[in-house]
Amino acid sequence: MAMNTSTPKETSHLKREILVRLIKAYLSDNFEENTRLIPYAMRPKNSDVPNYRCCIFKERAILRDRAIAGLGFSIEDTDDSVLLSELANKAEKREVPDEHPLTVLTTACKGCVPSRIYVTDLCQGCVARPCVNTCKFGAISIQNGKSVIDPEKCKNCGMCVQVCPYQAIQKIIVPCESACPVGAIAKDENGHAKIDFDKCISCGKCASACPFGAVHEKSQIIDVLKNIKAGKKTIAMVAPAMFGQLPCKPQQLKEAILKLGFADVYEVAQGADVTTKTEAAEFEERLMKGAEFMTTSCCAGYNELVDKHIPEMKPFRSDTKTPMYYTAEIVKRENPDAVTVFFSPCVAKKREALQNPNVDYVLNYEEIGAWMIALGVQVAECDESEFKTQASAEGRNYCVTGGVAKAVQTLLPEEIPAHPVIIDGLTKQTVRDLKKYAKNGMCELGNLIEVMACTGGCLGGNSTVNAFKPALKQVTNYVNESKSIKEQID
Amino acid sequence: MDKKISVKVCLGTTCFVMGSSNLQELIEMVPKKYGDRVEVSGVPCLGLCSIDWEFSKAPYVKVDDDVIKEATVEKVLKAIDEKLK
């Protein structure tokens, strides 16, 4: 199963290299000038041009655009004449991150042909002509002995693809359009991908799917660096998936994060324990009142899906807040003067954070990794440092698909039977399934529906660093050495 | 008997973030493919990324004494095949 491996490695490499260079530039004595020089440092005069690009000038222009996203700005809205040095200056003065966390680098995305059904040269012009006979729209005719599709009449249903005995008809897909579960990204009249932010649920699947790496996250790294440089007490809130990302022990990871300049590190699994207790009580109460089913509410991508596309699901979605919400509440209560930074496996949490005054910034795992490279932090050589509050095994397992439902189930009394249904990743099909459950007011498969926008759970998030399998192994080891949430109750 | 080929996948922070996380599959795959002719392991930082600040060429893998820059599973397997010829 293609989890995070669907992310093309070369594009991740480029994005991460730019982040490292931006952080280095920020920490240098001339942030603005060293930022302006990034495309030239990466592609110096007379260097080889990557074989996917026409010339060094276009390659540098595209690297410049990628750096714009790294500085936290929209690539679409930035004029070509603005220098990276000016944007670096602007980034340093910014008070609040942008509203929409995704941005598209249109010059990089021109390579895709529009999604359509295409008759290849393999067409034999056969006598049976199943394609012509199957097409309900009369879109296929035989010209010069071969099938031809009339694009005006074709509805992209794909029936002809299925019936051709030579497999000569193919559906050409646009990876971002195909990956988007809600039809929020499509090519505009110029052939460039464009995100419709009224529909977008910030799941980040387009960013993972694009082989050109054209969809970027607007980074908040400069904002966080600025707060640390200014001596603000900055506290990291680390989501459970982070413990699978780097080759070290959880206690070493805490020490590595402190080396970046954070004043303290909290596990978001601590907030997950509050979510579990609240959600188990809520589930019990709902079932006692005769509810048919309830869905979880911890995944930011799913929450935005319900808000924007399936409002009829709202009565069935748990009212319990997310682990990030409860963790941030605890951190601000214990440290009212602190700046809080959530360490996230995905882009969707950036949207959730904007609606939560207790979460000041969100960084993803690629950004944290780049920061460690820039400072030369060797995680495997760090000392070990214990967390002040120990989270439960169940809370630490929230990042694995099925983990949330399992945690809730642990706390349910025997007379309240939960039958979990696991939605392991949002796709066009699973969105249809969820709409059906909401419309019918019931789900024939069970009564506790856990929804994860990403396949595999948070460990499959769009901005993770480690491959899925080794990350799962690392998290599972941590979970196995932790105490059950039941012990917190008893 | 010939000397074993040694493959060292750098798992230092830089290499890991820049892509050796995706090379961990070599540690399972290589023994299956080559048996005991090749010895493969994940190793702590080889120090290659700090020379001239060459982090952008990470991840690094060493096949015997040869350094593979911007290593991929394909590149490493090719290097092993060359050695075994």
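Couple of notes before you dig in:
- Output for region B:33-58, where each listed residue is open to solvent by 70 Å² or more (accessible area, probe 1.4 Å) and in contact with a Ser or Thr (Cβ under 9 Å, 6 or more places away or on another chain): B:39, B:50
- Qualifying residue in region A:412-423 (condition: closer than 27 Å to residue A:202 by Cβ and within 14 Å of chain B (Cβ to nearest Cβ)): no
- Scope region A:375-397; condition of a type in the set (D, E, K, R), open to solvent by 60 Å² or more (accessible area, probe 1.4 Å) and part of a helix (DSSP H, G or I); matching residues: A:381
- Residue that is in contact with a Leu (Cβ under 7 Å, 6 or more places away or on another chain), more than 14 Å from chain B (Cβ to nearest Cβ) and charged (D, E, K, R), where the choices are A:65, A:29: A:65
- Considering region A:466-490, the residues that are within 12 Å of another protein chain (Cβ to nearest Cβ) and open to solvent by less than 20 Å² (accessible area, probe 1.4 Å) include one that is farthest from residue A:241 (Cα to Cα), namely A:467.
- Subset tally (residues that are in contact with a Lys or Arg (Cβ under 9 Å, 6 or more places away or on another chain) and without any contact (Cβ under 8 Å) to a residue 40 or more places away in the chain) for region A:373-414: 0
- Residue match in region A:229-245 (condition: under 28 Å from residue A:62 (Cα atoms), out of contact with any strand residue (DSSP E or B) (no Cβ under 9 Å at 6 or more places or on another chain) and open to solvent by less than 20 Å² (accessible area, probe 1.4 Å)): no
- Filter result for residue B:74 (more than 10 Å from chain A (Cβ to nearest Cβ) and either open to solvent by less than 80 Å² (accessible area, probe 1.4 Å) or touching a residue at least 24 places away in the same chain (Cβ under 8 Å) (or both)): no
- From the list B:61, B:9, the one residue that fits, being within 11 Å of chain A (Cβ to nearest Cβ) and either among the hydroxyl-bearing types (Ser, Thr, Tyr) or open to solvent by less than 20 Å² (accessible area, probe 1.4 Å) (or both), is B:9.
- Within region B:20-32, the residues that satisfy the criterion of being within 14 Å of another protein chain (Cβ to nearest Cβ) and open to solvent by 10 Å² or more (accessible area, probe 1.4 Å) are B:22, B:24, B:25, B:27, B:28, B:29.
- Residue match in region A:296-308 (condition: assigned to a strand (DSSP E or B), open to solvent by 10 Å² or more (accessible area, probe 1.4 Å) and touching a residue at least 24 places away in the same chain (Cβ under 8 Å)): no
- Test: residue in region A:336-353 that is of a type outside the set (Val, Ile, Thr), in a loop (DSSP other than H, G, I, E, B) and either within 14 Å of another protein chain (Cβ to nearest Cβ) or crowded, with 24+ Cβ neighbours inside 10 Å (or both): yes
For (1) modelled with pLDDT of 95 or more; (2) of a type in the set (D, E, K, R), each residue gets a yes or a no:
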residue: B:17; (1), (2): yes, no
residue: B:24; (1), (2): no, no
residue: B:29; (1), (2): no, no
residue: B:32; (1), (2): no, yes
residue: B:70; (1), (2): no, yes
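- Search result, residues across region A:149-197 that are buried (at least 20 other Cβ atoms within 10 Å of the Cβ), touching a strand residue (DSSP E or B) at 6+ places or on another chain (Cβ under 7 Å) and not in a strand (DSSP E or B): A:160, A:168, A:174, A:176, A:184
- Where residue A:142 falls short, out of the listed (1) within 29 Å of residue A:178 (Cβ to Cβ); (2) assigned to a strand (DSSP E or B); (3) β-branched (Val, Ile, Thr): (1)
- Qualifying residue in region A:367-374 (condition: in contact with a helix residue (DSSP H, G or I) (Cβ under 9 Å, 6 or more places away or on another chain) and surrounded by fewer than 21 Cβ atoms within 10 Å (Cβ to Cβ)): no
The values are calculated or read from the model by the stated rules, or taken from the named source; none is laboratory data. For clarity, every value in this text was computed on a predicted model and none was experimentally measured. All Cβ positions, glycine included, derive from the backbone under ideal geometry; neighbour counts span all protein chains shown. What goes into the accessible areas is simple: the full protein's heavy atoms, side chains included, and nothing from ligands, DNA or RNA. Shrake-Rupley method; radii C 1.70, N 1.55, O 1.52, S 1.80 Å.
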